[in-house]
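Reviewing the structure listed below.
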Amino acid sequence: EEYSQQFPSLVVTSATVAAAGGYPGAKGAMTTLERDAGLFTVHIDLGNENEANPHDAMGGIYLESLVSSDTITEAVVGPLSLGQAVIHRSNERTAAFIVPANLRDVADSNQSLDSTTRRNIIQAAETSRHYGLRLVLTTTGVASSKRNETAKENDGDGLSGVSTQPEAPAEERAYRLRNFARFREDRIRYLTLAGLLDVDDHENHLWLGFDYIARVDNPEYRVDVNQRLSDVNKAIFHLEKAAELGPRDARVHFQLATALGAKMDCEKSLMKENSAKSETEAIQLSRVAAALERSAILESTAVKLGINGINDLATCLHALAETRCKMGEFDKALDVIDRWAECGSIRSDLAIENVGKIDNGTGGRLPMIEWLKTSDTNHKIAVKTIGDVPVFTEDDISMLRDAADRRFSHANGVPTSRYTMQYEGNSEVHLDDLCAADPSLKMRIDKILQNKVYPLVRKAFANDDEDSPEGPLCVYDSIFVRYNGDQARALGRDGASQPLHQDGGIYSINIALNSHKDISNENGFTGGGTFFEAFTDDQNLSSIQRPESPGHAIFHKTTARHAGAPTTSGIRDILVIFLTARKSEEADNVESKTWRIERAMRLQSIAKELPSRDLLIPCLEIAKSNDPTNSEMSYWLGVHLLQGDMNDPSDERWNEICYGVDVLRDSTLLNPADARAHYHHGMAISARHKYAMRTQRAHLLPPADEAANSMINAFEMAIRLERKCAGVGCKNCINLAAGYLTLADFMARLKSFEKAIVYLEQIEGLVSEAGDLDQHWAPSMLQQANSMMEFCTAEMAKKKRSEVLPNEEKVQTL
């Protein structure tokens, strides 16, 4: 009634036909979650083209303002019949999408992201192409006659002074001002004007708040902390207002949490002295956590219905888990991390494991496999496929490489990977992106996953893992990687490579897509392959492994540390698939090994961002308890235990140092080939000895010979392993010279000056060998080594003189 009086004449300002679905991997959303210009939006369902089963897939409208914590379908208007319309104000955020006809009949739990409703929506979208018409209505502005009369009074003909142009509705003027402001340097002025025009529109406050935060984060915005704090407070004001006006907009709550966190950072910068966590800080963290939790709940609904992808939700849950850890609420953090991990299990649109009948086109035959094991301990590290049945056929490889070539050629230098660590000579593109552009490629990949990859993983690891995944296997992520050795060497690198690392998920599959020169002397590449750290010191097995031929693969657990060995010439193409598992539908299996592995990896990454050791150490301890067989957890816990205050003489600090020595030793036992673990174990033994001597705890140390042997063995093992890693271009970048300097210092303290000199004589060569002579720390280290050499030489000379003096002269000298 209000609008019929003010604007009696409505017109269509835009009309759009939307279509979606009807092919493998199709998304259910026909439009993105957005709002429109104008006054009203009309959605009209146009049905689908599936004549055989016209009611299997129907239309629906997602209205953000209807999101409820009760059931996810509360936010859905539909299913809609052919020709049925939904009308709403244009300032509502909505999306048109495909829904199954039985949407209201399925009793669905609201807990898991991988809900039955979501699966049914995906199935409906893939089986039928659906259409909808979206009309946006506005007014012709008849109600502007009063302004025209005013103009005529001021200027007889009404052609100057006050404009006679019909006035657009306030909502539309504010909407267009916001869009215009995006391209302006002074956009805050235009956003402020938009807010004055439509005071009840939460989007005006959202974008003002966002822009104030963006201004503070801009490195070119050089102002003092007080001005930054002022900007942050303005952001909080607008975002709190936006949350009041639009309480179901997940973006608002996330940005509010960001602004609250920025305020905490500014206030810490203003403090002259760092103090323990105050009550005020605890309250601020609680507000951040509450905003992030609200954002996660709202965003989860959009994800469960297939309206949004998981990226925004994963970012929000990551921030929430980190905030819970900063609050010391590790139990709540674990719950958030489980939800964050589940995002990874539904990230990909590629097929999930189906335990039904296998039909791989080879008479049910799977590729044969052989285990790669360490020679001394017979420890299983990786699986290679062998024989005449590959994972990918020549046609599969050709189809995939052609798709990647098209993507690279169209990229025009724009990064095609979401990963932030990029190296010269490497090009990457996500398999999901290739499949989204080519449904026939997706069908091919899905068949390979179902009939070869998933069965092979089950076959290889089922007997090896006492706690193999209960839920169906699925793709966590998958990337096509191109290593260009010639390009990398031209840019000064040894070759195109990846450093030592662990992967995300639980299993990794590396599939060769072209030949090494050992196999094909025409167009093959040189170098390359997967460097397995576990084989670094193996006498019978090469540390660098490659699939036996194109189409064959190497499988391993993601916790096995490995690297991409340098491809020194030519191009090496591989497809890497990371697998995880969906949650089991039968029972609550949060404590299963799959989720404990995910927990540990995420806790480890969060721990490094925590502000104090009081939080970092327990966070790493929980990570270690969730995946005790992963050497990385013990390694990082030990490293951080030793990084505390060495001037603290308390028993607590002493126990912490001893604990650090123990967990680093455990890390070397879990992964005997990790040069870093041996190196830091040696450093820890040295630090314990120095601390004990300084704090009168020498009587608590192990016997000197035992400690010396342990440290010598640790450093010599680290040096031997690191040299082998460096020899194949996969070094850990540990400072071997510092290790020898520590050994020399320890031997000098034990008065074994001859041994100390042996180590000191090698330091300059090690610094030079590593190419570190120009590093800022090198002169200081070399000077320290020379001073220690002079001291040891002098002490040896004294010892020799004392041995030849007569007894009375010796007594007199003493």
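The values are calculated or read from the model by the stated rules, or taken from the named source; none is laboratory data. Source: prediction; values computed, not measured. Because the Cβ atoms are built from the backbone with ideal geometry, glycine has one as well, and the counts that use them run over all protein chains shown. The accessibility values were calculated without ligands, DNA or RNA, using every heavy atom of the protein model including side chains. Shrake-Rupley method; radii C 1.70, N 1.55, O 1.52, S 1.80 Å.
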Checklist entry - Per-residue HN-Hα couplings for the range 637-650, Karplus 6.51 cos²θ - 1.76 cosθ + 1.60 at θ = phi - 60°, whole Hz, x for Gly and Pro? => result 4, x, 4, 6, 4, 7, 8, x, 6, 7, 9, 7, x, 5
Item to check | Fraction of accessible area attributable to carbon and sulfur, the chain (%, probe 1.4 Å) | outcome: 49 percent
Next on the checklist: Per residue, how large is the accessible surface of the chain? Use a 1.4 angstrom probe and give square angstrom.
Outcome noted: 47 Å²
Next on the checklist: Tell me the mean residue ellipticity at 222 nm calculated for the chain from its helices only (DSSP H runs of n ≥ 4, each -39500 (n - 2.57), averaged over every residue, nearest 500).
Outcome noted: -15000 deg cm²/dmol
Checklist entry - Against the longest alpha carbon principal axis of the chain, how many degrees, from 0 to 90 and to the nearest 10, is the axis of helix 225-245 turned? => result 50 degrees
Checklist entry - For the chain, what relative contact order do you get, as a whole percent, if you take Cα pairs closer than 8 Å and at least 6 residues apart? => result 8 percent
Checklist entry - Could you give me the ³J(HN,Hα) list for the range 659-676, computed from phi with Karplus coefficients 6.51, -1.76, 1.60 and θ = phi - 60°, whole Hz, x at Gly and Pro? => result 5, x, 4, 5, 6, 5, 4, 4, 5, 5, 6, 6, 9, x, 9, 8, 4, 4
Checklist entry - To the nearest 10 degrees, how steep is helix 187-197 against the longest Cα principal axis of the chain, on a 0 to 90 scale? => result 40 degrees
Checklist entry - If you take the Cα Rg of the range 658-782 and divide it by 2.2 N^0.38 Å, with N the number of residues, what do you get? => result 1.07
Checklist entry - Taking a probe of 1.4 angstrom, what is the accessible area of E353 in Å², to the nearest 10? => result 30 Å²
Item to check | Solvent-accessible area of T117 with every protein chain in place, 1.4 Å probe, in Å² to the nearest 10 | outcome: 10 Å²
Checklist outcome for this item: Computed over the chain, the distribution of all Cα-Cα distances in 20 Å bins, rounded to whole %, is 12, 37, 33, 13, 4, 1, 0
Checklist entry - Just how much of I87 is accessible, in Å², when a 1.4 Å probe is used and the result is rounded to the nearest 10? => result 120 Å²
Checklist entry - Out of A707, S115, C316, whose Cα points farthest toward the positive end of the dipole of the chain (charges: +1 Lys, Arg; -1 Asp, Glu; placed on Cβ)? => result A707
Next on the checklist: Going by average Cβ density within 10 Å per residue, which order do the peptides 322-335, 374-387 take, highest to lowest?
Outcome noted: 322-335, 374-387
Item to check | Neighbourhood net charge (12 Å Cβ-Cβ; Lys/Arg +1, Asp/Glu -1) for R688 | outcome: +3
Checklist entry - Helix 250-270 versus the longest principal axis of the chain: what angle, 0 to 90°, nearest 10, using Cα atoms? => result 50 degrees
